[in-house]
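The values are calculated or read from the model by the stated rules, or taken from the named source; none is laboratory data. Just so we're clear, the structure is a prediction, and the values are computed from it rather than from any experiment. All Cβ positions, glycine included, derive from the backbone under ideal geometry; neighbour counts span all protein chains shown. Side chains are part of the model used for accessible areas, which takes the heavy atoms of the whole protein and leaves out ligands, DNA and RNA. Shrake-Rupley method; radii C 1.70, N 1.55, O 1.52, S 1.80 Å.
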Amino acid sequence: MTSLSDSLPEAGDVDDVAVRASTRMLIALDVDGTVILEDESLSPGIVDAVAHARRAGHEVLLATGRSWEGTRGILAALDLSPEYVVCSNGAVVMRRTDEGLAAYERFHTETFDPAQVLGMLRENVPDAHYMVERADGHRLYTGTMDDWNLADAQQVAFDELGVQPVSRVVVVSPGHTEQDFIELVHRIGLNQVSYAIGWTAWLDIAPMGVDKASGLERVREWLGIERDRLLVIGDGRNDLGMFRWALEYGGRAVAMAQGPQEVRDAAGETTLSVADGGAAAVLGAL
């Protein structure tokens, strides 16, 4: 690990430091299907590749659909402690505190009133399981949420979900396909919120205009990184917004090989699959 004294410039290195600052990149990594496999194991080579990118002076962070509770363990596994972490598909931005590298606070949170959306969804998918995330991070759910981390979560009746503003609404329905959810969104007209559709029959709804890109743009501004110094890597439909954001500013958007065709088409580049260490290959080449 590089110490503070190692990072201080020598007398003749000021120009080198200036060049490094001007070429510093904001690198945003999706989690599931990008840095970890379905069994929660790490993608080959990703820890060393993240360390390599950080040694090169780049800001590496996670931008994920996971809540903070489901993200913090991934940071530890990657030996990564960025200043900011974008969670809940951009609705929550965590910031590292002065209490230690592993200590974070909820720095920015977007919320909306979910009552109307929940009502429409229940009419159309009454047998689905629902979860909401409140502004303080506490989550409420109605039934078993397979593959979802439910730490700091409480099972409640459906009517309790819409009592307070929330950062997100998650709908899980194994009986419905990805296409079913795409058709549902268009049929009921979810035009006052943002949404992302997952591979395994889940729908994630956020406040209008909120996605990974909106969270990352805030982080970019806070860090003072130039708009064309962006690199984002992901594999799902909830990464489409950050792909467009990076490419619009002249940055790079890289899709994982196992992602849907729609996602690969939206990216400027495609790398190897998560099982083959695709994200590590991109970072290792920096």
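Observations on the structure shown:
- Taking every residue in region 260-286 that is under 16 Å from Met242 (Cβ atoms) and pairing it with any residue that is assigned to a loop (DSSP other than H, G, I, E, B) and hydrophobic (A, V, I, L, M, F, W, C), at least 6 positions away or on another chain, the pairs with Cβ-Cβ distances below 8 Å are Pro260/Trp199; Arg264/Ala257; Thr270/Met256; Thr270/Ala257; Thr271/Met256; Thr271/Ala257; Ala279/Val35; Ala279/Met256.
- Scanning region 228-259 for residues that are farther than 18 Å from Ala63 by Cβ and in contact (Cβ under 8 Å) with a residue 60 or more places away in the chain gives a single hit, Gln258.
- Test: residue in region 143-156 that is open to solvent by less than 70 Å² (accessible area, probe 1.4 Å) and in a strand (DSSP E or B): yes
- Any hit, region 57-77, residues being over 21 Å from Val31 (Cα atoms), modelled with pLDDT of 95 or more and open to solvent by 10 Å² or more (accessible area, probe 1.4 Å): yes
- When the residues of region 270-285 are filtered to those that are closer than 21 Å to Glu226 by Cα and in contact with a strand residue (DSSP E or B) (Cβ under 9 Å, 6 or more places away or on another chain), the one that is surrounded by the most Cβ atoms within 10 Å (Cβ to Cβ) is Leu283.
- First in region 126-151 and within 22 Å of Gly33 (Cβ to Cβ) and at pLDDT below 95, second anywhere and part of a loop (DSSP other than H, G, I, E, B) and of a type in the set (Val, Ile, Thr), Cβ under 8 Å, 6 or more apart: His129/Thr142; His129/Thr144; Met131/Thr142; Asp147/Thr200
- In the set (1) more than 21 Å from Gly73 (Cβ to Cβ); (2) in contact with a helix residue (DSSP H, G or I) (Cβ under 8 Å, 6 or more places away or on another chain), Gly119 fails one condition alone, (2).
- Restricting attention to region 47-56 and to residues that are outside any loop (DSSP other than H, G, I, E, B) and not basic (Lys, Arg), the residue that is surrounded by the fewest Cβ atoms within 10 Å (Cβ to Cβ) turns out to be Asp48.
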